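Single-structure report; data block below.
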Amino acid sequence: MKQILVTGGAGFIGSHTTLELIQNGFKVVVMDNLSNSKIESLDRLEKLIGGKIPFYQIDLLDKESMIQLFKNHDFDAVIHFAGLKAVGESVQKPLYYYQNNVTGTLNLLEVMNNSGVNNLVFSSSATVYGDPEESPLKEDGPLSSVNPYGATKLTIENILRDLHYSDSKWRISLLRYFNPVGAHESGEIGEDPNGIPNNLMPYVTQVAVGKLQKLNIYGNDYETPDGTGIRDYIHVVDLAKGHLKALEQLFSEEGLFTYNLGTGQGSSVLDMVHAFQEATGINIPYTFAPRRPGDAAICYADVSKAERELGWKTERTLIDMCRDSWNWQSKNPNGFE
Ligand code: WQD
């Protein structure tokens, strides 16, 4: 049974991927500093799998503890989610983001290399495409960063490309997520942002559950059919399944691989609001507000490469995403508390 370290495994995408790995026969060890997640998510996972999941509360900047962790476990690969991910906060605190995301990843890579662990799936982001001129976005398109968070993701991708080209023993998959939303069908795990949500779906579900009054739609004057921003929303369970496919590829092929993980479909903010109302029967009051600085009008993925090379594509619809997000939020009005 292959053993996988999942950094950030107590988080939204990390917990869903941990569940998928365990349900597909992998042994998983979770490392998380719990700065933006709750240990309760792991208790829920253990309830879902009917077993224990080894957990270590370790920070990426604590290299000594990571060295000890790699002495205690013979990992076959690492899936690296751990990192700070709030765009707005990254603009206010760039050094905090570079320290945690870049220095933390360098620490992880050094410990991996010294332990002979050279298989890595990295949680990248569509944000490395910068402010895209046009969609759909392809993996070989131009890369740039428009905020410090995006710069850390692009910097880490560059580090990993250099690492692989220096030594082909490094097998690496760079997974560029678009907009992950939804939750596991059980409603036991889901997205639990700290404070007022920045992202659309958790904001909508908090309006639906009565924690927030109404949705502010940032801009209805974009060059889009209904004037609101278009994104590629992907169900977190489809995303988790994409990680499984990427991991399995590393066990059979040498190389550095880059994949967009999205649906390949664009949906506007109003499409999402209407889908949520259709899926749940709950009306979401909203008002149009000025555009949010830094927002692109349209951003969605070309997903043909992942389909061709990984045999992976999404199965869940916008309605599924809304239904599952609401199932999680309605069962957990205050998240994991
Ligand atoms: C989606 C759409 C908003 C909130 C961000 C990060 C990105 C990635 C995913 C990490 C946009 C509109 C939103 C609200 C709104 N994170 N919106 N009212 O900005 O596409 O991507 O999350 O990798 O790096 O930038 O996602 O959910 O914030 O916005 O109208 O209260 O919803 O304008 O059109 P975004 P989002």
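Is it the case that G219 is modelled with pLDDT of 95 or more and under 18 Å from the mean Cα position of the chain (by Cα)? For G219, the condition - modelled with pLDDT of 95 or more and under 18 Å from the mean Cα position of the chain (by Cα) - is not met.
Note on region 17-123: enclosed helices (runs of 4 or more DSSP H) holding 1 or more residues that are closer than 27 Å to E254 by Cβ are 63-72, 104-114. State yes or no: is D271 within 11 Å of the ligand (Cβ to nearest atom) and modelled with pLDDT under 95? In short, no.
Residues in region 230-254 that are assigned to a loop (DSSP other than H, G, I, E, B) and either open to solvent by 10 Å² or more (accessible area, probe 1.4 Å) or basic (K, R) (or both): F251, S252, E253, E254. For I13, are the conditions met, namely being of a type in the set (A, V, I, L, M) and open to solvent by 20 Å² or more (accessible area, probe 1.4 Å)? So I13 fits the description; yes. Filtered by the rule that a residue be within 11 Å of the ligand (Cβ to nearest atom), of a type outside the set (A, V, I, L, M) and outside any loop (DSSP other than H, G, I, E, B), region 274-299 gives Y286, T287, F288, C299. In summary, Y218 fulfils each of the numbered conditions (1) open to solvent by less than 20 Å² (accessible area, probe 1.4 Å); (2) near the ligand (Cβ under 8 Å from one of its atoms) with the single exception of condition (1).
Taken over region 190-201, the criterion of being surrounded by 22 or more Cβ atoms within 10 Å (Cβ to Cβ) and either within 11 Å of the ligand (Cβ to nearest atom) or among the polar types (S, T, N, Q) (or both) is satisfied by E191, M201.
The values are calculated or read from the model by the stated rules, or taken from the named source; none is laboratory data. Values in this document were obtained by computation on a predicted structure and should not be read as measured data. Positions of Cβ are generated from backbone atoms using ideal geometry, with glycine treated the same way; all protein chains shown enter the neighbour counts. Side chains included, ligands, DNA and RNA excluded: accessible areas come from the protein's heavy atoms. Shrake-Rupley method; radii C 1.70, N 1.55, O 1.52, S 1.80 Å.
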